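Input: a single structure, listed below in C-alpha cells.
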Amino acid sequence: DGLFKPIMDGGITVAMYQTLSSRMKDKTVQKWLQSVDVLIVDECQFATAETFKKIIQKCPANFRIGMSGTPFKEEKHKRMEVRGLFGPILSVVSNQELIDKGVSIRPSIMFLDFKEPKVSSKVKYVDAYPTHLKHCETRNKLIAQLAEGFVKSQRQTLIMVRHVDHLKALHRKMPWAETAHANSPNRQQLLDRLRTGEVFALICTPIFDTGLSTDYIEAIINAGGGQSEIEVLQRVGRGLRVAKDKEKDLWIIDFVDGHHRDLRRQASKRLEILSNQEAFYMTNYIHDLPQEVQEALDKSLLNSSHFEMPLLQT
C-alpha cells in the first residue's frame, strides 16, 4: 500500500514489485537493493515483465529463489528468461502430491454445452466475444442458475469475468451477489467478508486471478473465456487450498462456447489445459453436480447431447 520501510542492516523485508518499481530512481532504494543477499520471489512467472525484471537485475543477491504455481509450459522463451533470472529448476511439486499431503483439494471440472445458434465464420472475434459470450442471454442465464445452485448447496462461489460490463450484466441477473473490480472502493472489506463466510457469491474481474487468499472457495465459474494457461490455472488455484474445516469439494464450471469458431478454439484450449493437469477430475455428466445445482438448472438451455457427449475435441 505504498508503505516504504526497508530493513537496511540485515533482516527480512517483505516488498511488492509495484512499490519498489515506483521508487527505483530513489538512491536509498538502489542502495538497499544492492545490499540484499537473498532474494525470494513469489509468482516468479511475472518476473519476465520489464518492470519486474529491472528490479531483479539491480539486486546482486547470490541466492535467488523463484516460486510459481503456474510455471510456463508452452512459452519457452519466457521459461528461459525465468531460468536466466533465478537459475535451473530445483524442485517440482505435483498436484497429486499436494492432494495426498492434504494441502490441495481435488477439483471436479465440467464444461457445459449450451443452446445457442451457430455464428457465421465471417463474424470477427472482436464482434463475437461481446455478442455471443459477454451478453449471450442463454449463457448468462445458465451462469446465474449455477451460482444460485452452488450457494444453495452452501458453497462459496466465485464468478470470474474479464470486463466490467460483463460483471454488470451478470449482476442484473443475480442482484443478491456481491461484485468486485479494480475501482471497487470496498475490495478489502469484501475480502474480509469472503473469508468470514458472510459473502457466498462474488462476481469479480481479473483483480482476483492472483492474490486472493481464502481457503473456503468451493465453486468457481469461469464466465470470461480466454485461453491463457496462466490465467486458467490461476483461477482454479483460487479454490484449491484446503481449510481445516472445509467440508465441501471444489467445482470448476466452464463453457463450450461452440457457436463461434474462435470462441470454440479458446474453449478447446482451456479444456486441454485442465485435462492435462494431473489428478484433476473431468466430468461431463450433469448428475455429478450437487443436487441443489441440478435443481436450479433449466436443462432446456443445455444441448441434450451434453448428458452423453465426449469432452470437447481440440
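Look at the stretch 102-124: where a residue is outside any loop (DSSP other than H, G, I, E, B) and a partner is open to solvent by 70 Å² or more (accessible area, probe 1.4 Å), sitting 6+ places away or on another chain with Cβ atoms under 6 Å, you get S108/Y281. If you check F150 against the conditions, is it under 21 Å from N284 (Cβ atoms), in contact with a Lys or Arg (Cβ under 7 Å, 6 or more places away or on another chain) and hydrophobic (A, V, I, L, M, F, W, C)? No, not satisfied.
Taken over the stretch 45-64, the criterion of being in a loop (DSSP other than H, G, I, E, B) and either among the β-branched types (V, I, T) or open to solvent by less than 40 Å² (accessible area, probe 1.4 Å) (or both) is satisfied by C59, A61. Restricting attention to the stretch 254-279, the residues that are in contact with a Leu (Cβ under 6 Å, 6 or more places away or on another chain) and more than 30 Å from V126 (Cα to Cα) total 0. Could you please let me know if T13 is of a type in the set (V, I, T) and in a helix (DSSP H, G or I)? Against the criterion (of a type in the set (V, I, T) and in a helix (DSSP H, G or I)), T13 does not qualify.
If you filter the stretch 243-276 down to residues that are modelled with pLDDT under 85 and not small (G, A, S), you find that the one that is farthest from I220 (Cα to Cα) is H259.
Scanning the stretch 162-173 for residues that are under 22 Å from E198 (Cβ atoms) and either under 17 Å from the mean Cα position of the chain (by Cα) or crowded, with 19+ Cβ neighbours inside 10 Å (or both) turns up L167, L170.
Only residues that are more than 30 Å from R235 (Cβ to Cβ), loosely packed, with under 12 Cβ neighbours inside 10 Å and either within 30 Å of the chain's Cα centre (by Cα) or among the β-branched types (V, I, T) (or both) were counted across the stretch 14-44, and they come to 2.
Residues that are over 17 Å from the mean Cα position of the chain (by Cα) and not in a loop (DSSP other than H, G, I, E, B) were ranked within the stretch 148-161; the one that is surrounded by the most Cβ atoms within 10 Å (Cβ to Cβ) is F150.
The values are calculated or read from the model by the stated rules, or taken from the named source; none is laboratory data. Not measured: the values here are computed from a predicted model. So basically every Cβ, Gly included, is an ideal-geometry build from the backbone, and we count neighbours across all protein chains shown. Protein only, heavy atoms only, side chains kept; ligands, DNA and RNA dropped before computing areas. Shrake-Rupley method; radii C 1.70, N 1.55, O 1.52, S 1.80 Å.
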